[in-house]
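Visitor: Below is a structure I'd like to ask you about.
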Amino acid sequence: MFYSHAREMRHHAVERAREDASSLINFAVIHEEKILRETQQILATLAEIPVVVQGGERCDELLARFLKNYPRYLNFSVARPDGLVIGSAIPFKEPVNASGRLYFQETLKNREFTIGQYQVGLITGKPAINFGYPVLDNEGKVSAVVIAALDLSHVTKFEYELDVQTPANSTHVKLDRNGAVLASYPAVQLLGRGNPLEKSYFERISKEKKGMFEAVGADGVERLYLFSDLGSTLHKADLYILFGIPTSGLFAESGRELARNLVILAVVSMFALAMMWFGGNFLFLRPIGALVGASKRLAAGDLTARSGLPPTYGELGELSRVFDEMAGELERGQDESRRMLEVAVEKQELGNRLLSLTNNVPGMVYRGHRDWSVSFIGAEVGPVTGYTAEEFTSGAVSWKTIIHPDDLEEVKEAFRKATREKSATLRREYRIRRKDGVIRWIEDRRQLIYDESGTFSYVDGLLLDITERRRGEENQARLAMAVEQSGEAVVVTDREGVIQYVNPSFERVTGYSREEAVGKNPRVLRSGKHDEAFYRGLWDTLTRGEVWSGHFINRKKDGSLYEEDATITPLRDSSGEIVNFVAAKRDVTNLMLLEKQVRMAQKMESVGTLAGGIAHDFNNALTGIMGYGELLRMRLAGDPKAQADLDAISRAAERSATLTRQLLTFARRQVVEPVNLDVRDVVNDHVKFFAKVAGELIEVRTFLAEETPTVRADRGQIQQVLMNLYLNARDAMPEGGQLLVETGAAALDEEYVRSYPYMKQGRYTFLMVSDTGIGMDEATRDRVFEPFFTTKAPDKGTGLGLSVVYGIVKQHNGFIHVYSEPGMGSTFKVYFPAVEDPPDVRVPVKAEPVRGGRETILLADDDELIRTLSERILKELGYTVLPARNGEEAVDLFRQHGEDIALVVLDVVMPRMGGKEAFEAMRKETPGLKGIFMSGYSADAIHKAFVIRPGTPFLGKPFSPTVLARKVREMLDKT
């Protein structure tokens, strides 16, 4: 029995050693976890600092300061993905490359915090364990690796601190995954640092993970070695720790106890034999029976069982007392266990309720750390991110890697700022990229936790998927922005029509600010142009819940009128009741003005086409009348009565010619001969003449600005503009008044053209004629430029004066405005495009006597009367004439007699081929050929816009024989 007791003591000694070692191992694991967590946080912090990632001297200085604050490390460094070290707390001379280190390769491969093996440092040359931490760019690629080298001597000091808790001459050993000794204390150990453990021992350790074995150390001391793996959430590789306790100290007490018990056994045995005879029955059998019965009940689970023996039974009484105390302790232990079980169940239920709560909140609950790792994450992780909780808690996925690259830096900076300021909470909205690649918006609500020293510890957070809310907000923002920036005025009123909102376009169009408009009724815009029936129909439509569309003429804040197209829509609430009206209104004032101009242009064009055609044919007839009249005058030179009749015929023809010229000018069919002209010269030439025509009742004043620019215009037509405006002003002041003529420069900018869309930006010369006459009402102003429209008596005008002005202005690419009110006079303002060239110098032309010649002239005109007349005139002057009826016939004649022909005279408009095309065909064969064009008008006389090229001879119909003769001789004599 004593031997068995000794064995039991030995067994208890081993178990106590195992328990002590287990406690020490747990203590070591906690310490190891603390070191690893600290290392990971330090490297994560360094990875967030841009200057560290960039490397260089500033990086070296910062890493050196870190190393000074953390003496347990040998070095901090940073390397590029190719392994080249670009920053180090410990200076180095030769280039250092870490690409060959396994921990560096695993850091690049796994893109996560990595723990290395026992190695001698490349820079320090000292034994160390290296740690790597990746720096990821916005695309999730490794841009650098931050490295920490842990000093193994500091690990040894920690184990020295454990020595006080273990028996004397105990040893502590730490092994890496390959069995190499990383650290040990004291020096007496199985092997030295860096050397592998004996193969048989390490195979057992790596296989069993936990256990013990006996072995003799290098110092010859036999020890009991207890081993265990260093389990850690941060460890990706195996590490092991051994505690060696000398067996001599461990089992010495059990040996001494065995010897002492053998001596006592001999004495007790003698005494026991004597007592057995004396009190066997009374002292032993009955008490033993009671004890056996109580023991059976206790074994059956009745913890209330007691022996019931009084202490008077001696040692059996003492034994029964101990038994009863043991049973009581068991009963109390059962009660305590039951109570602890109830507490555990209650805690379990509380934990389950808390877990259920976190899993059912409308979002993802998590606990995160400085290095972006996650130690807890709620069940909503799947719906929110597409990843599993295990992928985050195991470190396979870091929260930082799923943040949208465009938002990552902002999120980092917000977190750094919050921790610097020791903020308790932090809320941010940013985007994440789910596992399936879908981008989602989340709201991250963080509770920042700090330790007692104020250092950030961890964060408890709640993530809410706000993608749909953001889309709604973005849609609302876009809608609000669209309304605010819309080019159309938007007005929202309540059911009674009280304005609740107007956008900036409304303010721009009406002149009323938002503050002035809100709270008022749209009646403030009424112009009086619509009757009550108009507004009653509008409201009847709206109150029926229908959309109203129509046209308004409204009044701005400054009193001016404007026109707008509007669509007004009723807005209903969820119950279908009308609660608001929204109006979208487009300012069409300029559009209406432009349409008016287009209608006027179309009307003028159609009338002009008709008038131009009539004038063309009329001019041909007048040419015959004037020409044959002139020939007849030469024959009847001695008959005074016939001469008088011929004079009357000539005057009638001249008046008819003047009328046709007006029609052609109005129709813009008149050929113009442009020169660089100073408008002031034209005004000065005619204002004195008009002063005489106007009489003493009208005062004529001029304001001619010195900076008046030059214009490119036909002098005769500008004179006609002035004359027609003068005469119109004179007729508007029958009782006298004042006539003002003004010239100057005008620059039309974008804003001005926006108000008058039919005009163009640029630099202009303006000519303004104003009178103080009777003025015009709106109806008269609208028709003032129409041909044959007049308010004068039938014998006072033809109605072509202002139409001719309009035609001339348009033919010169200009614009004309009229301003007039009844009784307030009228102002006509004409704009001509300005040019930079100076005015041309006028050279007076001397009239020469008519001369003939002997040259051959090709004459082409489709009008037989004109052709016969012209042929007769030229032949009588001695010329040889080849007549043709159209352009094709003229070209054929030219090819037959080209060498003899000195001049061609061509009508511009002829059937089959016009004069212009015929002349160009002839010039191809004889480039130096001379020619004269003649026409009653030319739809394309010489080039577009009826403007002849400088030097191109032109003879306008009707013309007299003298004019034809001089023009022909002039061209033949020209070199």
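The values are calculated or read from the model by the stated rules, or taken from the named source; none is laboratory data. On a predicted model such as this, the values are computed, not experimentally measured, just so you know. When we count neighbours, we look across all protein chains shown, and the Cβ atoms used for this are built from the backbone with ideal geometry, even at glycine. Ligands, DNA and RNA are stripped out before the accessible areas are found, and what is left, the full protein with its side chains, is counted by its heavy atoms. Shrake-Rupley method; radii C 1.70, N 1.55, O 1.52, S 1.80 Å.
Visitor: Of all residues in region 684-704, how many are outside any helix (DSSP H, G or I) and of a type in the set (K, R)?
Guide: Taking region 684-704 as the starting set, the residues that turn out to be outside any helix (DSSP H, G or I) are 695-704.
Narrowing the set further to residues that are of a type in the set (K, R) leaves 701.
Matching residues across region 684-704 total 1.
Visitor: Quick one: would you say D840 is modelled with pLDDT under 90 and surrounded by 14 or more Cβ atoms within 10 Å (Cβ to Cβ)? Break it down stepwise before answering.
Guide: Details: modelled with pLDDT under 90: yes; surrounded by 14 or more Cβ atoms within 10 Å (Cβ to Cβ): yes.
Yes.
Visitor: Something else about it: Filter region 630-646 down to the residues that are among the charged types (D, E, K, R) and in a helix (DSSP H, G or I), then identify the one that is farthest from S870 (Cα to Cα). Walk me through how you get there before you give the answer.
Guide: First, the residues of region 630-646 that are among the charged types (D, E, K, R): 630, 633, 635, 639, 641, 645.
From the residues that got through so far, the ones that are in a helix (DSSP H, G or I) too are 630, 633, 635, 641, 645.
On the way: E630: 12, R633: 16, R635: 17, K641: 27, D645: 23 Å.
Going through the qualifying residues, I end up with K641.
Visitor: Of all residues in region 222-244, how many are surrounded by 15 or more Cβ atoms within 10 Å (Cβ to Cβ) and either at pLDDT 70 or above or part of a strand (DSSP E or B) (or both)?
Guide: Within region 222-244, residues that are surrounded by 15 or more Cβ atoms within 10 Å (Cβ to Cβ) and either at pLDDT 70 or above or part of a strand (DSSP E or B) (or both) number 13.
Table: residues versus (1) loosely packed, with under 13 Cβ neighbours inside 10 Å; (2) in contact (Cβ under 8 Å) with a residue 12 or more places away in the chain.
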site: E488; (1), (2): no, yes
site: V524; (1), (2): no, yes
site: E532; (1), (2): yes, no
site: G545; (1), (2): yes, yes
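Visitor: Okay, moving on. Somewhere in region 131-146, is a residue surrounded by fewer than 16 Cβ atoms within 10 Å (Cβ to Cβ), among the acidic types (D, E) and part of a helix (DSSP H, G or I)?
Guide: No: zero hits.
Visitor: Do we have I816 as modelled with pLDDT under 95, surrounded by fewer than 23 Cβ atoms within 10 Å (Cβ to Cβ), assigned by the TED database to the domain that holds G737 and not charged (D, E, K, R) here?
Guide: yes
Visitor: Separate question: Pull out all pairs, ordered by first then second residue, where Cβ-Cβ is under 6 Å, the residues are six or more apart or on different chains, the first lies in region 212-224 and is closer than 11 Å to L242 by Cβ, and the second is modelled with pLDDT of 75 or more and open to solvent by 80 Å² or more (accessible area, probe 1.4 Å).
Guide: Hits for this filter: L224/E214.
Visitor: Select, from R872, R851, R923, R895, the only residue that is in contact (Cβ under 8 Å) with a residue 40 or more places away in the chain, in a helix (DSSP H, G or I) and either farther than 14 Å from L964 by Cβ or open to solvent by 70 Å² or more (accessible area, probe 1.4 Å) (or both).
Guide: Details: R851 fails: in a helix (DSSP H, G or I); R923 fails: in contact (Cβ under 8 Å) with a residue 40 or more places away in the chain; R895 fails: in contact (Cβ under 8 Å) with a residue 40 or more places away in the chain.
It is R872.
Visitor: Let me ask something additional. For region 454-491, what are the residues that are closer than 20 Å to K417 by Cβ and of a type outside the set (A, V, I, L, M, F, W, C)?
Guide: Passing the criteria: G454, T455, S457, Y458, D460, G461.
Visitor: Cβ-Cβ under 8 Å, sequence separation 6+ or interchain: first residue in region 93-119 and assigned by the TED database to the domain that holds G132 and at negative phi, partner of a type in the set (D, E) and in a helix (DSSP H, G or I). Which pairs?
Guide: If the second residue must be of a type in the set (D, E) and in a helix (DSSP H, G or I), the pairs left are T114/E106.
Visitor: Could I ask something else about it? Find the helices (runs of 4 or more DSSP H) located wholly in region 375-444 whose residues include 2 or more that are modelled with pLDDT of 90 or more and not small (G, A, S), and list them.
Guide: So the answer is 405-420.
Visitor: Okay, next question. Looking at Y726 and the list (1) open to solvent by 30 Å² or more (accessible area, probe 1.4 Å); (2) within 19 Å of V682 (Cα to Cα), which single condition is not satisfied?
Guide: Failing condition for Y726: (1).
One line per residue, one yes/no per condition, for (1) open to solvent by 40 Å² or more (accessible area, probe 1.4 Å); (2) modelled with pLDDT of 65 or more; (3) more than 57 Å from the chain's Cα centre (by Cα); (4) closer than 24 Å to Y458 by Cα:
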site	(1), (2), (3), (4)
Y3	yes, no, yes, no
A21	no, no, yes, no
R37	yes, yes, no, yes
A47	no, yes, no, yes
P50	yes, yes, no, yes
C59	no, yes, no, no
N69	yes, yes, no, yes
I86	yes, yes, no, no
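Visitor: Looking only at region 358-407, filter to residues that are closer than 18 Å to L464 by Cβ and acidic (D, E); which one of those is surrounded by the most Cβ atoms within 10 Å (Cβ to Cβ)? If you could, list the steps in order and put the result at the bottom.
Guide: In the first step, residues of region 358-407 are kept if they are closer than 18 Å to L464 by Cβ; the result is 358-368, 374, 376-387, 389, 392, 399, 402-404, 407.
Filter once more, keeping what is acidic (D, E): 380, 407.
On the way: E380: 22, D407: 16.
Applying the filter and picking the extreme gives E380.
Visitor: Would you check if there is a residue in region 567-574 being more than 37 Å from the chain's Cα centre (by Cα) and open to solvent by 70 Å² or more (accessible area, probe 1.4 Å)? Spell out the reasoning first.
Guide: Step one: list which residues in region 567-574 are more than 37 Å from the chain's Cα centre (by Cα), which gives none.
So far as region 567-574 goes, no, none of its residues is more than 37 Å from the chain's Cα centre (by Cα) and open to solvent by 70 Å² or more (accessible area, probe 1.4 Å).
Visitor: Okay, next question. Does any residue of region 683-702 turn out to be touching a residue at least 24 places away in the same chain (Cβ under 8 Å), surrounded by fewer than 18 Cβ atoms within 10 Å (Cβ to Cβ) and within 58 Å of the chain's Cα centre (by Cα)?
Guide: Yes, that holds for at least one residue.
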